[in-house]
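Here the structure is laid out as structure tokens; the discussion comes afterwards.
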Amino acid sequence: MLIGKPSDIPSSEITSKEQYDRYFNRRRFLRSAVSGAVAAGAAALGAERLAEVISPSIGALAGTKLQTVKSPLTTSGEELTSLKDLTNYNNFYEFGVDKGQPVMNAGALPTRPWTLRVEGLVKKPKTFDIDTLLSMRPLEDRVYRHRCVEAWSMVIPWVGYSLSELINAFDPLPSAKYVQFLSYFDKKVEKWWSESTILWPYSEGLRMDEAMHPLTLLTFGLYGEVLPNQNGAPVRVVIPWKYGFKSAKSIVAIRFLDKQPSTSWNQQSEREYGFYSNVNPNVDHPRWSQKTERRIGQPFYAQRRTTLMFNGYGEQVASLYNGMDLKKNF
Ligand SMILES: Nc1nc2c(c(=O)[nH]1)N[C@H]1C(S)=C(S)[C@@H](COP(=O)(O)O)O[C@H]1N2
Ligand SMILES: [Mo]
């Protein structure tokens, strides 16, 4: 897909041009005449990014500037992981099981038009166009630590707003106790799906109070720009106190349920991946320790660091688990 200027986008895909201009920096947008190809991506990213051409932001809209406000919920003080590392070292099994594959393959993901269904136990089920979702609330810059269950970590400047702001617009029924997230799935597009044994579509879930926690972010961008496809464009969730796999990419549905949903990783190996999956240095993965992590992009001698309970977000989230045995409910 090639996008030149806002008027090239069918009007059915956008709410209004005004809205678009409000949220996308137009100058940047016009420069983003970009295809998924690496060379074209380089031209579109502009001089300030040419140094990072080696890490293409894949996707027709990737690299488009988003208008953001600073968030009080940001984590400060840690060095950000470079854009290059964020976009070249990914888990996105629909596009291959190796971390270098999504950057090569995720350009195939069609991120426009895109809709998100809000369904299940809600008074007002609704299907949203992605551009409506983007403009519903001010987009915030929020730096979060990201801890993968594989014992590596990053510090990522995300862009989005609290998922609770969307959920509040729907009146979930009192019977809604859990939320399930379903990722886009098309075998023709995500030809690498058969490389792994997880149950497709990729699905994850949260308890309602976890989903409503202000830290749970409905995410549209990183580094102030539209998400590259390999990072879960056009919309994903990010739950910073849980292992990275809870943060489903490229979601097409949010479903409210009365029972705990089954999730892809829990189904794949119940023993290894629990439903809660809170970052917890005191509960090792059956095959490796979770006590420390390797910070991606740091010099070798500085990579290893201690993993923090709830990934360092204990002050904000520990009360959600009062009275629960976190060794049993891992
Ligand atoms: N649909 C989908 N979502 C996914 C994954 C995946 O394979 N498919 N991998 C998860 C894992 S294991 C991690 S660590 C994060 C990685 O996100 P990032 O590449 O943006 O850092 O995405 C999570 N969300
Ligand atoms: Mo992960």
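Each value in this text was obtained by applying a stated rule to the coordinates, not by laboratory testing. Keep in mind that this is a model prediction, so the values were computed, not measured. Cβ sites come from the backbone with ideal geometry, for glycine too, and all protein chains shown count toward neighbours.
Mind listing whichever residues of the range 252-280 are within 16 Å of ligand 2 (Cβ to nearest atom) and of a type outside the set (S, T, N, Q)?
If the condition is that a residue be within 16 Å of ligand 2 (Cβ to nearest atom) and of a type outside the set (S, T, N, Q), then W265, E272, Y273, G274, F275, Y276, V279 are the ones that fit.
Filter the range 82-107 down to the residues that are over 17 Å from S194 (Cβ atoms), buried (at least 19 other Cβ atoms within 10 Å of the Cβ) and more than 14 Å from ligand 2 (Cβ to nearest atom) and list them by number.
L83, T87, N88, V103, G107
All but one of (1) among the basic types (K, R); (2) closer than 14 Å to V149 by Cβ; (3) within 13 Å of ligand 1 (Cβ to nearest atom) hold for R271; which doesn't?
Single failed check for R271: (3).
Quick one: which strands (runs of 3 or more DSSP E) lie wholly within the range 204-322 and hold at least 1 residues that are within 21 Å of Y93 (Cβ to Cβ)? Steps first, please.
Details: elements: 217-222, 236-238, 251-257, 292-295, 304-306.
Filter on the range 204-322 gives 217-222, 236-238, 251-257, 292-295.
L121: hydrophobic (A, V, I, L, M, F, W, C), within 28 Å of V279 (Cβ to Cβ) and away from ligand 2 (no atom under 16 Å from the Cβ), yes or no? Steps first, answer last, please.
Numbers: hydrophobic (A, V, I, L, M, F, W, C): yes; within 28 Å of V279 (Cβ to Cβ): no; away from ligand 2 (no atom under 16 Å from the Cβ): yes.
Here the answer is no, as L121 does not meet what is asked.
Of the residues E225, E204, E195, E190, which single one is more than 22 Å from M104 (Cβ to Cβ) and either charged (D, E, K, R) or in contact with a Cys (Cβ under 8 Å, 6 or more places away or on another chain) (or both)? Give the steps one after another, and end with the answer.
Details: E225 fails: more than 22 Å from M104 (Cβ to Cβ); E195 fails: more than 22 Å from M104 (Cβ to Cβ); E190 fails: more than 22 Å from M104 (Cβ to Cβ).
The conditions single out E204.
Please give the number of the condition E210 fails out of (1) acidic (D, E); (2) within 17 Å of the chain's Cα centre (by Cα); (3) more than 18 Å from I251 (Cα to Cα).
Tallying (1) acidic (D, E); (2) within 17 Å of the chain's Cα centre (by Cα); (3) more than 18 Å from I251 (Cα to Cα), E210 fails exactly one: (3).
Taking S319 as meeting all but one of (1) of a type in the set (G, A, S); (2) in contact with a Pro (Cβ under 9 Å, 6 or more places away or on another chain); (3) loosely packed, with under 12 Cβ neighbours inside 10 Å, write down the number of the exception.
(2)
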